[in-house]
Amino acid sequence: MNGVALRLQIRVESNAAWLAQIVRAQREGRSCLPAHLGLDARQYAALLARHGLRPLVRGAEDGLLGERDALREELLALRREEWQELRDLLLAGQDDRGEPAMAAIVAAACLGGEHLWRDLGLDSRAQLHALLMHNFPHLAVRNTQDMRWKKFFYKQLCEQGGGYVCRSPSCETCPTYHDCFGEER
Ligand code: SF4
């Protein structure tokens, strides 16, 4: 690997860099996340400080963004139980390299309607894959069939006794197979 590629890899595999991108996308309205990314205000401020990121400052011109954020906070509150199950699933897949707040953030993005990488404000599924492998290795490594990530997480919850996704006992006979597997563009 040459020096440029190595520097790129180091940048891409850093939680600080991923979080900077997620925070920027949220502030620019390019993700599904609420203002505090699914965290409470204190946790959000601590996360930014921990990773050297700029605090959120709202101005008068942010009225529209404020409305959008309020709506997203409301939606998150309505689906709190589901969010908690996803967050706990993710936390259980961490080792000591993982950023615990990332579990809450990824769980909040799972509630959006797009592919997970888009709902987080990342550039690609490949970037999401690196983030998940870094933060939740014990969970991510189990996606051996290359399922779409949201579907994979919900399937784990189904297998734990939840009832979010699967209407069929096996993927092979499932009428919605193509919603769970295949490319994410
Ligand atoms: S293909 Fe069907 S059974 Fe398999 S994870 Fe998706 S919804 Fe569940």
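Applying 1/(1 + (r/R0)^6) with r as the Cβ-Cβ distance of PHE181 and GLU67 and R0 = 30 angstrom yields a FRET efficiency of 0.25. Annotation: per residue accessible area for the chain equals 55 Å², rounded to a whole number [probe 1.4 Å, protein chains only].
Taking each DSSP H run with n ≥ 4 as -39500 (n - 2.57) and averaging over every residue of the chain yields -17000 deg cm²/dmol at 222 nm. Across the accessible surface of the chain, with the other protein chains kept in place and a 1.4 Å probe, carbon and sulfur atoms take up 54 percent. Between THR173 and ALA17, how high is the FRET efficiency from 1/(1 + (r/R0)^6) when r is the Cβ-Cβ distance and R₀ = 41 Å? Nearest 0.05. Efficiency computed from Cβ-Cβ geometry: 0.45.
The values are calculated or read from the model by the stated rules, or taken from the named source; none is laboratory data. This is a predicted model, so every value here is computed, not measured. When we count neighbours, we look across all protein chains shown, and the Cβ atoms used for this are built from the backbone with ideal geometry, even at glycine. Protein only, heavy atoms only, side chains kept; ligands, DNA and RNA dropped before computing areas. Shrake-Rupley method; radii C 1.70, N 1.55, O 1.52, S 1.80 Å.
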